[in-house]
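Each remark here refers to the structure printed beneath this line.
The values are calculated or read from the model by the stated rules, or taken from the named source; none is laboratory data. Worth saying up front: this structure is predicted, and the values here are computed from it rather than measured. Glycine also receives a Cβ, built like all others from the backbone with ideal geometry; neighbour counts cover every protein chain displayed.
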Amino acid sequence: MQTVHAITRARTWIKQRRGRGGRVALVPTMGALHEGHLSLVDTAKRHAEHVVVSIFINPKQFAAGEDLDSYPRTLDDDVRMLEARGVGLVFAPSGREMYPDGFQTAIEVTQLGTGKLCAISRPHFFGGVATVVMKLLNIAMADVAIFGEKDYQQLQVIRRMCADMNHLTEIIGSPLVREESGLAMSSRNRYLAPQQAEAATAISKALFAMQRAVAKGHVNTDGLVREATAMITAAGGRVDYVQTVDAATLEPIASVQSAARCLAAVWFGEARLIDNIALDPPTAR
């Protein structure tokens, strides 16, 4: 495995591997890796012979007062984990490498990434994500890129962006991975004290309860959302949102008639945690 920091070196490595045949997969990350990230690598290996993992904490998706400075940086450990998982290349650029002096272009995101869910409390976020992802896709020109379904709104925004911009890289979603407790794996889980981590399992418990209720035929979700919110609040969470949406468009729904998702964002202490779960209507009898 190689670790490079320059765009030119990453492109050279990718060009050489593509010249030998086989597909290339890109797994974009911000580092502080855990088993959830490594599951993305496993997905990538099922779709391509050569796997590139990028590690870059993107300043453009953080607003003033957010955790850019304190976001965990564990590059040495990350590299060891990726080498053990069979990754071919780690691309770990600096901020100046990605955004050199004079950089002034940005991707504007509308609809899927504006005025709903995470974009309400973080209106800057998806424009920053889209900009860095487009740069990474253009640098790698990979056959496929893998994104986790934990960040479900982000996944849908990226899919839409690539379709709109006619990008050739195929975007593949990889299933959310949970701790044994049920808590969705996240680099920000490191911010949680043990008691907070235990309390935060209320998020997944509430979502799974909603999933079970919908499967039993309780397709009207307003009451289920209130119950989930109450369960999380009772555990000490500060709810940003709990919302049921159409799985493709992310438009709010009040009744599950086709593929849907319930998405949640909740603060426990200093950690803002996101989670989601699929909601499918019961099979017609």
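Odds and ends about this structure:
- Matching residues, the range 92-122, being among the hydroxyl-bearing types (S, T, Y), surrounded by 14 or more Cβ atoms within 10 Å (Cβ to Cβ) and closer than 13 Å to V157 by Cβ: T114
- E179 meets the stated requirement of being without any contact (Cβ under 8 Å) to a residue 24 or more places away in the chain, crowded, with 17+ Cβ neighbours inside 10 Å and not assigned by TED's automatic domain parsing to the domain that holds V53.
- Residue that is surrounded by the most Cβ atoms within 10 Å (Cβ to Cβ) [pool: residues in the range 123-150 that are in contact with a strand residue (DSSP E or B) (Cβ under 7 Å, 6 or more places away or on another chain) and more than 20 Å from E49 (Cα to Cα)]: V133
- Helices (runs of 4 or more DSSP H) lying entirely in the range 190-283 (those with 3 or more residues that are buried (at least 20 other Cβ atoms within 10 Å of the Cβ)): 201-215, 222-234
- Assessment of the range 213-223 against the conditions (outside the structural domain of G148 (by TED's automatic domain parsing), under 24 Å from S186 (Cβ atoms) and hydrophobic (A, V, I, L, M, F, W, C)) yields no matching residue.
- Annotation: of all residues in the range 167-206 being within 28 Å of L26 (Cα to Cα) and of a type in the set (G, A, S), the one that is farthest from the chain's Cα centre (by Cα) is G182.
- Only listed residue being small (G, A, S) and over 30 Å from V239 (Cβ atoms), chosen from A10, A32: A10
- Test for A184: is it buried (at least 22 other Cβ atoms within 10 Å of the Cβ), in contact with a Lys or Arg (Cβ under 8 Å, 6 or more places away or on another chain) and of a type in the set (A, V, I, L, M): yes
- Test result for R96, modelled with pLDDT of 95 or more and more than 25 Å from N138 (Cβ to Cβ): no
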